[in-house]
Amino acid sequence: MLNKLPQLFSLLFSYKSNIFNIISKPKQAYTYTKLALELKELYEKEKENDKTEAAFIILDRVLKFKKENPDDFSDFLKLIQELLTTYENDPKTIKQNIKDLLK
């Protein structure tokens with residue numbers, strides 16, 4: 001586990017503004033984490049059958065999230081946009097750090 005600390009810190013510093021925004025709002029962090037885990041589980045469950053069907057199931061869950069959490073939804077989209085922007089700035093390093101963490 002100690003050998004993964006450099007990659008973890010590198011990712012945290014890459015996304016530092018996003019991470020600190022999430023941490024500063026525990027309820028929102030819980031809501032986003034729960035959604036992300038649900039989406040991952042849905043995708044893993046459905047991708048074996050039909051990736052198109054999996055995509056529509058995920059979109060349906062995102063729309064349900066929007067209905068259940070209208071205030072959080074716009075913040076959620078902003079967060080995703082910031083994460084993608086950060087990723088686009090240095091995709092090679094971030095991909096490598098994620099791969100190293102998942103080993």
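Remarks
- Residue that is least open to solvent (accessible area, probe 1.4 Å), among those in region 26-45 that are farther than 18 Å from PHE73 by Cβ and among the charged types (D, E, K, R): GLU44
- In region 22-40, the residues that are modelled with pLDDT under 85 and among the charged types (D, E, K, R): LYS25, LYS27, LYS40
- Qualifying residue in region 73-91 (condition: farther than 24 Å from TYR30 by Cα and open to solvent by less than 60 Å² (accessible area, probe 1.4 Å)): yes
- Scope region 46-58; condition part of a helix (DSSP H, G or I) and open to solvent by less than 100 Å² (accessible area, probe 1.4 Å); matching residues: GLU46, THR52, GLU53, ALA54, ALA55, ILE57, ILE58
- Matching residues in region 49-68 - criterion: being β-branched (Val, Ile, Thr) and closer than 23 Å to LYS34 by Cβ: ILE57, ILE58, VAL62
- Count - residues of region 69-91 that are closer than 16 Å to LYS34 by Cα and of a type in the set (S, T, N, Q): 1
The values are calculated or read from the model by the stated rules, or taken from the named source; none is laboratory data. As the structure is a prediction and not an experimental result, all values here were calculated from the model. We place every Cβ from the backbone using ideal geometry, glycine too, and count neighbours over all the protein chains shown. Side chains included, ligands, DNA and RNA excluded: accessible areas come from the protein's heavy atoms. Shrake-Rupley method; radii C 1.70, N 1.55, O 1.52, S 1.80 Å.
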